[in-house]
Each structure stands twice: as C-alpha cells, then as structure tokens.
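Below you'll find the structure, written out as structure tokens, and then a few comments.
Bear in mind these aren't lab numbers, they're just calculated from the coordinates by the rules spelled out. Predicted, not measured: the structure shown is a model, and the values here were computed from it. Backbone-built Cβ (ideal geometry, glycine too); neighbour counts: all protein chains shown.
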Amino acid sequence: MDNMSEANTSVLSLPSVQGRIRTAVKPTEEEFTAIYEANKSRVYSTALRILANPADAEDVTQEVFLKAWNKLENFEGRSQVSTWLYRITVNRCLDLLRKRKRQQTVPIEEAMGSVANPSNLKQVIESFIPTLPPGYRTVFVLHDIQGLKHHEIAKQIGISEGACKSQLHKARLMMRKKLRPFMEGIT
Amino acid sequence: MTCERVEEQLSALIDLELDPPTKNEVEEHLRNCPRCAEAFRELSLLVSASAELEPVAPPERVFLALRKQVKTKAKSKVFSLPFSLPIPRPALWVLVPALATALLLLIVFPHQSPKATLVLANPASESASIAAQPVVPREFGIRDSNLGAFNSERRSRAAMSSLRAAHRLPRESTPAPANYAVEEMPVAQSSGSAASDMVATDEDMTVSASDVVASLRDVQQGLEEVEAALRANPANPQVINAYRATCRKGLELRDRCAGTPK
C-alpha cells in the first residue's frame, strides 16, 4: 500500500487526526492506530533509508509514534500531523547519525549481493542507497525520494541551500557510478 | 562549455533550476557530446526511478511493541490524579516523600490517651486544634490513605513533638511500655499551659513499642507495594528513590523503638 492510498483511507475520516486541528485531548487507541497506519510506511522508510539499518529504523519508528502518543494532545496544529511526524523522524535520524562513532555505510559488494532482480532499477537503487555516505544519503533520500525542497532540507539538517544542492549532486553522481552496470539496458 | 562544467550543471538541469541562457548552453553541449548526453540520461533515469520508490512498511512487531508501550503508559496513569495540580512536577518529587514521612510520624504514635490529648489541648497552644482532630488509626495503610483529608504539616508537627520525647527513652525500657514525663515534651513546655494541665501521669504519654513496630510494618509493606508498582511502570526513578528512602527511615525508626538496631 502506498502513501497516498494509506492517507486516503482511515486518517481523513478521523477529525482529530486531520491536519491543522488542535487536538486538545489525548488520542484514543483507535485514533492512534489510524495515525500509525497512515504514517508508518513513510516514517519507517525514511528512517530505514537514512540510517541504512533496519533495527535502528524500527527503533526510530517506535520512538516517533510513542512521542506522537504522548504529545499529540499538545500538538498546536500549525502543520499537518504527518508533516510533524515526518519532521520528528528526520530529526531523530540525524541525531542518531551524529551519535554514531563510525559512519555506517554498506559495502558495495554487499549491496550487489542483495539485488534480487537486476533488471528492476528501483530495487537496485534501494539496495545501493545504504552504500552512500550518511550526509549524501540523507540529502538524496529527502530530496529525490521524499520530494522535499532544498530550502526545507537545508533548514532541517542545518546546512546552506548551496551545500544541500552540492551534496545532492555528488550523491547522484556516486549513485550513477555504482548503478551504471545495471543501467546499460534500460532506456 | 567544457564537459567538466556541464557535468556540474546536470543536476540543476534535471531539477529545472538553471537560468535560460545556461540551460541553452548546456543543452547545446549535450547535443554534441555523447559522453555527457549519456551521463545526463543515466542521472535522469536515476532521479525519476528514485522518485517512484515504494515506501517500505515496518514489520508487524513494531506496532505490537508500540501498542504494548502505549498500554503500559496508559496503565501507569493509575498513579496520576484525574485533574492537573498547579504544582510543578519537581515539587511533587519533594512533596510526595515529605507527605509519606509525615504519615509515618503520625502512624508511629496513633494511640494518644485522652489525658495526653488534654495536656496538648491547651487553648493557648497551637497544638490544641491539632490534637483535637481524630487520631489516625493504627491500621492506616498507604493504599487506604486520603492524603488530602488532613492537615499533614500541622499534625506531623505534633507527632514530631511526641517523637522527640519518645527518643529520650532508654533503649532497655523496650519492648516493655516505656514511661517518660510529659514535662520533657517541648510542645507542652512551650505551650505555657497551666500546671494542672502539665501534670500528666507517666501512662498518659506511654508509647507501646509493639504498636510502633506493628504500625511501621504496615507502613513498610504499603510503601514497598507502592515502590513495586512504580518500578513496574515507567515512573520517575527519583520518586522511587524517595519512597525507598522513606522505607529506610521507617525501618531505622522501628529498630530504634524496638531496641534492636542493625
């Protein structure tokens, strides 16, 4: 199930989950489940792709939704709940990346081995994202996969817009270099 | 425009960020340079495919663990008040053990005799109204308590006076009923009451050590239950520590009163 279809099912039917509404009371378990169902994939995917570690991504997903459970009643409604959750997710991922003593990247050989279907470019890209250095990976995921604008990314990760564009370009060149063997037949 | 310069502009070209003159220049180069054109094609492919990546759903165990945590947190609300107090949370960390200690002191001397009450019930004394209030029963337990039902500060002051007197008891006198003169009580001395009121018999202010021990055992048990409950739920460790300290004080007091120090 993709993001859009998830968001269109349960969440929009719940008034307290809709964006720009101040939720003065704690969400019920039903509402909380709806919030989780609507946002789980976006939160988990972002964390998984930025952190390149499924266990860390699961932890971050739990933390984000637990925070939502604790703080949603104080949510001021200046933005959509999903945007708010997404911002928490990225911030938490960046915190974890900063705390890591060793930068976590997956070796190219390992990524090569994890490609089940080499003709499926999307699957190949997914396998090679963890091979990027964390800084490039973050910008690449946020811009090219999640569709954020440069100024939004720059603000969130605390770099200039120019640095963001530069990092994105380098990340794309790196990915292109790694993916070239898989791209030859694709038009 | 050189190939190197064009390569630098490829991302901007894909993201439609180039100004028209530069865009025309880069596109002109791409028409004449197969190498750069191939780079542009591959980068475009990468960007368009990346934008179409499917979101990955987390494993089911994430939701199960989350639901467990949410339920635990909801259960821990049993210990919170159904309304919000205008007291900052850090102040509660001090207030809760202070109330527990006051409660302990009250339970130490639950059975004041009518005469002793009379001694304390001097109209000029601040303790008069305190002593006039119903005495907390010996069976009083933490779980049954209603902390808001009495003026703990003032009552604990009266209990403290009794306690000070009690500590003057020679240790050998326990567990047999220990006697002491009411004249030694600071409250009575400072009250300025009439001499007739001050003359109380030794039995009036007698404290039964066995009663103290029994009361403290109840308190200890109650506090331990609270501590266990707090530990089972995500409570602030400072509160647990405060309860633990209160338990320790209670045990020390019991040992002192029973004459069996550890």
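Positive contributions from Lys and Arg (+1) and negative ones from Asp and Glu (-1), summed over other residues with Cβ under 12 Å from the Cβ of residue B:26, come out at -4. Would you compute the Debye intensity of the stretch B:12-74 from its alpha-carbon atoms alone, equal scatterers and no solvent, and pass along log10 I(q)/I(0) at q = 0.11, 0.17 Å⁻¹ to two decimals? Those come out to -0.50, -0.71, one per q.
By the beta-carbon count within 10 Å of each Cβ, the least crowded to most crowded order of A:151, A:169, B:29, fewest first, is A:151, B:29, A:169. Listed by Cβ neighbour count within 10 Å, with the fewest neighbours leading, A:82, A:166 appear as A:166, A:82. Loop-located GluC sites (Glu not before Pro) in the stretch A:69-178 (DSSP state other than H, G, I, E, B) with a sparse environment of at most 13 neighbouring Cβ atoms within 10 Å: A:76.
By the beta-carbon count within 10 Å of each Cβ, the least crowded to most crowded order of A:138, A:83, fewest first, is A:83, A:138.
Since only A:174, A:157, A:146 are under comparison, the one whose Cα sits farthest along the positive direction of the charge dipole of the stretch A:131-187, derived from C-beta charges on Lys, Arg, Asp and Glu, is A:174. Neighbours of residue B:38 by Cβ distance under 12 Å: Lys/Arg scored +1, Asp/Glu scored -1, total +1. This model, with +1 at the C-beta of Lys and Arg and -1 at the C-beta of Asp and Glu, gives the stretch A:75-169 a dipole about its Cα centre of some 380 debye. The modelled label-to-label distance between residue A:155 and residue A:91, using points 7 Å beyond Cα along the C-beta direction, is 1.3 nm.
What does the charge dipole of the stretch A:115-187 about its Cα centre add up to, to the nearest 20 debye, if the Cβ of each Lys and Arg holds +1 and the Cβ of each Asp and Glu holds -1?
Details: 11 positive and 5 negative charges, 38 e Å.
It comes to approximately 180 debye.
Below 8 Å, C-alpha to C-alpha, sequence gap of six or more: please give me the relative contact order for the stretch A:93-169 in percent.
On the way: 57 pairs, mean separation 18.7, N = 77.
Contact order relative to length: 24 percent.
Across all Cα pairs in the stretch A:66-187, the calculated P(r) in 5 Å bins from zero up to the longest distance comes to 2, 10, 18, 18, 18, 14, 11, 6, 3, 1, 0 percent per bin.
Lysine pair count for the stretch A:40-187 (Cα-Cα distance under 21 Å; residues 8 or more apart in sequence or on different chains): 15.
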